[in-house]
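Shown next, in structure tokens, is the structure this report addresses.
The values are calculated or read from the model by the stated rules, or taken from the named source; none is laboratory data. Just so you know, these numbers come straight off a predicted model, no measurement behind them. In this analysis, Cβ positions are derived from the backbone assuming ideal geometry, glycine residues included, and neighbour counts consider all displayed protein chains.
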């Protein structure tokens, strides 16, 4: 699809970053074209899709939770209406305590202004007979998962039906960059924004950014135990339909192939055994590479030399939580000149770009 036309934005990539930014721009009445060939092996399509306000071994509130979580739930529900589909699953996450001290700590936190909006209940006794939770655990609010494959497919159908999708592979040699616009084949646009995940690591205008890709693997298992929450400590266990569960994930920054490994399977099943005493069959194992960043903060902004070329990338392991708020943040920068947060603005790494020119 390369009809001759003038539009506002070309978006390269239709993962979480590209889809959410596209929707923000569409809501602003902008004419866009999304270029995405539909690769089934992108990290967005393989990810677990959790959104979780309390994360990590130390169980702390995630970065910018008070901004991200109220926004993301309303945002994805808007997109469900747009796409006439269901992909946001609002379900409490249950995190077992590892000690009586941790239980006491969360009993105290549960009544604070900082944490109360994210806590459904603090359990002082075991919630599930099969779980390793002798000290109880915490049920979290504003948590759940996004069914990312359905989300991406539904929005892709929307784009296609509105003639806003080019489902071919982006060809960098066909991009012509001018001072105030870009041309790609038959399309002239005010700007092109690269939301192409790991492709930016390998080629293009943003190779100089300090990506730190991380491989993750996820299992799909079948079992007959009943789970009304997402179980999460060391690994996540997400209840699906028909006795199926999604279990993951591991993190590997050495093996960056998309091939599932026995090592990861052993790691995930070992952690699952620590978390729950259940019998199950492994139905599927998949792997993907996440476009994480060195400082674990997204990449937003315009190229140091080209005002017509931008980037929205580096969402890493928390893309479902980060994409809605920061796609709006980038849209408001692009359309209204609002300043980007220094924590995510790529100008924090401009020195790397200028260093790359010397080589």
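Brief remarks follow.
- Those residues of segment 83-116 which are under 30 Å from residue 150 (Cα atoms) and exposed (fewer than 14 other Cβ atoms within 10 Å of the Cβ), in sequence order: 84, 86, 90
- Test result for residue 39, part of a loop (DSSP other than H, G, I, E, B) and either closer than 21 Å to residue 197 by Cα or touching a helix residue (DSSP H, G or I) at 6+ places or on another chain (Cβ under 9 Å) (or both): yes
- Comparison of 209, 272, 231 shows that the only residue that is touching a strand residue (DSSP E or B) at 6+ places or on another chain (Cβ under 7 Å) and either over 23 Å from residue 91 (Cβ atoms) or part of a loop (DSSP other than H, G, I, E, B) (or both) is 209.
- When segment 56-65 is filtered for residues that are in contact (Cβ under 8 Å) with a residue 24 or more places away in the chain and not in a loop (DSSP other than H, G, I, E, B), the ones remaining, listed by number, are 61, 65.
- Residue within segment 249-260 that is modelled with pLDDT of 95 or more, over 25 Å from residue 63 (Cβ atoms) and touching a strand residue (DSSP E or B) at 6+ places or on another chain (Cβ under 9 Å) present: no
- Scanning segment 221-236 for residues that are out of contact with any helix residue (DSSP H, G or I) (no Cβ under 7 Å at 6 or more places or on another chain) and either in the same structural domain as residue 127 (by TED's automatic domain parsing) or within 24 Å of residue 54 (Cα to Cα) (or both), we see that the one that is surrounded by the fewest Cβ atoms within 10 Å (Cβ to Cβ) is 226.
- Meets criteria (closer than 22 Å to residue 208 by Cα and surrounded by fewer than 22 Cβ atoms within 10 Å (Cβ to Cβ)) for residue 298: no
- Listed by position, the strands (runs of 3 or more DSSP E) inside segment 77-182 whose residues that are under 29 Å from residue 39 (Cβ atoms) and either touching a strand residue (DSSP E or B) at 6+ places or on another chain (Cβ under 8 Å) or outside the structural domain of residue 275 (by TED's automatic domain parsing) (or both) number at least 1 are 88-90, 144-146, 175-177.
- Just so you know, in segment 305-319 the residues that are in a helix (DSSP H, G or I) and in contact with a strand residue (DSSP E or B) (Cβ under 7 Å, 6 or more places away or on another chain) include one that is farthest from residue 181 (Cα to Cα), and it is 317.
- Residue in segment 16-27 that is on the phi > 0 side of the Ramachandran plot, assigned by TED's automatic domain parsing to the domain that holds residue 161, modelled with pLDDT of 95 or more and in contact with a helix residue (DSSP H, G or I) (Cβ under 9 Å, 6 or more places away or on another chain) present: no
So that you can scan it fast, the table gives a plain yes or no per residue for (1) at pLDDT below 95; (2) surrounded by 18 or more Cβ atoms within 10 Å (Cβ to Cβ); (3) closer than 22 Å to residue 268 by Cβ; (4) in contact with a helix residue (DSSP H, G or I) (Cβ under 7 Å, 6 or more places away or on another chain):
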| residue | (1), (2), (3), (4) |
| --- | --- |
| 194 | no, yes, no, yes |
| 199 | yes, yes, no, no |
| 206 | no, yes, no, yes |
| 217 | yes, yes, yes, yes |
| 245 | no, yes, yes, no |
